[in-house]
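Below is one structure, written out as structure tokens; the observations come after it.
The values are calculated or read from the model by the stated rules, or taken from the named source; none is laboratory data. Only a predicted model underlies this, so the values are computations on that prediction, with no experimental measurement involved. Note: ideal-geometry Cβ built from the backbone for every residue, glycine included; neighbour counts use all protein chains shown. Side chains included, ligands, DNA and RNA excluded: accessible areas come from the protein's heavy atoms. Shrake-Rupley method; radii C 1.70, N 1.55, O 1.52, S 1.80 Å.
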Amino acid sequence: SRHVLFAVVSYSTQVEWDMTMALHAGAHSLGCRSSIICAKGMADLPRARNGLFATFVASGATDMLCVDADVGWAPGSVERIMSHPVDLVFGAYPRKADGPPSYSVRGFSERAEKMRCVDPATGKEAQGGLIQVQGGPAGFLRITKQCAEAMLRADAYGNRWYSDDAVPGGKAWQLFEFGYSEEEHLSWSEDIEFCRKYTAIGGKVWLDPWLTFEHYGKKVYRGCIGSTSL
């Protein structure tokens, strides 16, 4: 039976009230077993995410929904992200930047990609479907146990572990880490790097562009990446 683990990252020791209420409503609406864990007050974001991932692997949960404490979402978003028949899918929330909403998604062109939404089960174009991309943020990211098991195979990244007494079993894996290309002289975030690692072993990363988010900072930044293409 399904067991959803909500994995919250709080850069401080606080969470937004709106996010808390949205998380509670989403967990209740799923109608299945759910649990919540939180990495709070950690300046080392990759280590925080790796610790949550290790906790997920050691648990009996079937799905992990990674949530950042400064992200909010519209009603029904949790149910929708959990309904997709894929192993790695995320919603894109706007950056904390003034001006028109902008998003940290690799492999997505707002103009060119909108008409390429597909039903991931069939690969056929579908209105309101998903878009296969290269990577995106982990503030609303769903990972299935199948995805985790694929990442931890011996011929994938199973040997990239390190000791961490803060997680069950004292063992975590270096999967979320800042990326860098010496050839391109580019760097990228730890969540993009996790997606890169997954695609490198044949996995697919999916964007649900139809979710509306709020990103809390000096003000509330709102947006839906799909609506920018309308």
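Restriction of the trypsin sites (Lys or Arg not before Pro) in the range 93-165 to DSSP coil positions whose beta-carbon has at most 16 other beta-carbons within 10 angstrom yields Arg95, Lys96, Arg111, Lys124, Arg153, Arg160.
When the accessible area of the range 171-222 is split by element with a 1.4 Å probe, what percent falls to carbon and sulfur? It would help to have the intermediate numbers written out before the result.
Values: 1260 of 2630 Å².
Carbon-and-sulfur percentage of accessible area, whole number: 48.
Farthest toward the dipole's positive end in the chain, which of Thr55, Ser102, Thr144, given Cβ charges of +1 (Lys, Arg) and -1 (Asp, Glu) about the Cα centre? Farthest along the dipole direction, towards plus: Thr144.
On a 1.4 Å probe surface of the protein chains, which of Cys38, Cys147, Cys32 comes out largest in accessible area, and what is the full order? Working shown, then result.
Values: Cys38 65, Cys147 0, Cys32 40 Å².
From most accessible down to least: Cys38, Cys32, Cys147.
A crude spin-label estimate for the pair Met21 and Tyr162, with each label 7 Å from Cα along the Cβ direction, gives 4.0 nm.
Computed with every protein chain present, the accessible area of His3 is close to 20 Å² [probe 1.4 Å].
In the list (1) 29, 19, 15; (2) 25, 21, 19; (3) 32, 19, 18, the label attached to semi-axes √(5λ) of the Cα gyration tensor in Å as derived from the coordinates here is (2). When you filter the GluC sites (Glu not before Pro) in the range 137-230 for DSSP loop state and at most 11 other Cβ atoms inside 10 Å of their Cβ, you are left with Glu182, Glu183, Glu184.
For Val220 and Leu30, the difference between the fully extended length at 0.36 nm per residue and the C-alpha to C-alpha distance is 65.7 nm.
For the chain, the mean residue ellipticity at 222 nm estimated from helices alone is -7000 deg cm²/dmol, where every DSSP H run of n ≥ 4 contributes -39500 (n - 2.57) and the total is divided by all residues, rounded to the nearest 500.
Under a point-charge model restricted to the Cβ atoms of Lys and Arg (+1) and Asp and Glu (-1), what is the dipole moment magnitude of the chain relative to its Cα centre, in debye to the nearest 20? Don't skip to the end; give the middle numbers.
Details: 24 positive and 26 negative charges, 74 e Å.
Dipole about the Cα centre, nearest 20: 360 debye.
From largest accessible area down, sort Leu211, Leu30; use a 1.4 Å probe on the protein chains. Each step should come with its number before you reach the end.
Numbers: Leu211 5, Leu30 40 Å².
Putting Leu211, Leu30 in descending order of accessible area: Leu30, Leu211.
The residues neighbouring Val8, those whose beta-carbon lies less than 9 Å from its own, together hold a net charge of 0 under the Lys/Arg +1, Asp/Glu -1 convention. Accessible surface ranking for Val133, Val57, 1.4 angstrom probe, highest first: Val57, Val133.
For the chain, what does the accessible surface come to per residue with a 1.4 Å probe? Please give it in Å². Don't skip to the end; give the middle numbers.
Values: 11200 Å² over 230 residues.
Spelled out: the 1.4 Å probe surface of the chain, per residue, equals 49 Å².
Extension gain, Ser1 to Asp44: 0.36 nm times the residue separation minus the Cα-Cα distance gives 12.1 nm.
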